[in-house]
1. Only Cα pairs within less than 10 Å get springs; with that Gaussian network setup on chain A, which residue of A:T49, A:T75, A:T57 has the largest fluctuation?
2. Per residue of the range A:103-115, what does 6.51 cos²θ - 1.76 cosθ + 1.60 with θ = phi - 60° give for ³J(HN,Hα)? Whole Hz please, x for Gly and Pro, Karplus curve as stated.
3. Go through the range B:37-44 residue by residue and turn each phi into a ³J(HN,Hα) via Karplus (6.51, -1.76, 1.60, θ = phi - 60°); whole Hz please, and just put x for glycine and proline.
4. Once amide H atoms are built 1.01 Å from N in the peptide plane, which residues 5 or more positions from A:V62, or in another chain, come under 5 Å H to H?
5. A 29 angstrom limit on the alpha carbon distance is what I want to check against. Which of A:K41/B:K110; A:K64/B:K56; A:K41/A:K66; A:K55/B:K56; A:K14/B:K110; A:K55/B:K57 exceed it?
6. Quick one: what are the phi-derived ³J(HN,Hα) couplings along the range A:41-58, Karplus 6.51/-1.76/1.60 with θ = phi - 60°, whole Hz, x for glycine and proline?
7. Taking the alpha-carbon distance from B:K70 and a cut-off under 14 Å, which aspartates and glutamates remain once sequence neighbours fewer than 8 residues away in the same chain are dropped?
8. What residues qualify as long-range amide H neighbours of A:M47, i.e. H under 5 Å apart, gap of 5 or more or another chain, H built at 1.01 Å from N?
Amino acid sequence: GAVVSQHPSWVICKSGTSVKIECRSLDFQATTMFWYRQFPKQSLMLMATSNEGSKATYEQGVEKDKFLINHASLTLSTLTVTSAHPEDSSFYICSAARDRGHEQFFGPGTRLTVL
Amino acid sequence: TQLLEQSPQFLSIQEGENLTVYCNSSSVFSSLQWYRQEPGEGPVLLVTVVTGGEVKKLKRLTFQFGDARKDSSLHITAAQPGDTGLYLCAGVSNAGNMLTFGGGTRLMVKP
């Protein structure tokens with residue numbers, strides 16, 4: 001149990017386009033989902049926390065208008081990178097938790113490359 | 001802001017050697033987790049330590065949580081090439097399940 005999937009696993013896009021990444025909890029309901037960003041050879045940095053049905057909470061320095069997060073259901077959260085630029089190229093990882101105070105289960109990550 | 005310092009950042013050893021990775025903070029965490037991450041994949045939870053002074057063993061891996069719940073260590077005995085990967089410690093906040101990740105230790109075990 002507690003499986004989290006991400007789609008796509010990798011994406012290449014042109015500069016200026018928008019890219020949507022999906023995060024799904026496959027066998028449990030997740031009231032809270034987290035989005036992380038990981039640059040090569042670095043650790044995970046939390047970008048934002050989303051709770052089902054409410055607005056996401058963004059970490060300091062993360063542009064909410066650039067990284068749109070939607071947590072419309074208890075099993076799906078989406079991250080849309082708007083007007084992507086090469087510096088947005090990174091490994092994006094989501095995690096899901098049944099609720100606050102519970103363990104996070106991580107997805108396999110999505111590698112975004114912006115040309 | 002809670003910060004976790006992880007050391008060493010990189011470690012290259014021969015198969016059969018022992019190693020220890022350290023995770024230190026000036027803040028107290030409710031618990032601390034250790035993850036292992038393979039290239040191109042998400043992190044996988046190895047263990048959660050909760051009680052100050054707690055020691056947990058997972059085969060050749062020994063995890064310890066400091067008495068003050070500010071630091072932790074991961075010791076691997078007789079490392080094998082299959083242990084190669086990125087090891088991450090993460091402190092769990094007192095306020096809930098927010099995770100603060102350390103900088104990671106990239107381990108390479110040569111056969």
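Laboratory data are not the source of any read-out in this text; all were calculated from the coordinates shown. Not measured: the values here are computed from a predicted model.
1. Top of the fluctuation ranking is A:T57.
2. Those phi angles translate into 4, 8, 10, 8, x, x, x, 10, 8, 9, 10, 10, 8 Hz.
3. Values, residue by residue: 10, 8, x, x, 10, x, x, 10 Hz.
4. Counting only residues 5 or more places away or on other chains, the set is empty.
5. Checking Cα-Cα distances, A:K64/B:K56; A:K55/B:K56; A:K14/B:K110; A:K55/B:K57 exceed 29 Å.
6. 6, 10, 8, 7, 10, 5, 9, 6, 10, 10, 10, 3, x, 9, 5, 6, 9, 9
7. Here the aspartates and glutamates satisfying the reach criterion relative to B:K70 are B:E5, B:E54.
8. A:W35, A:Y36, A:R37
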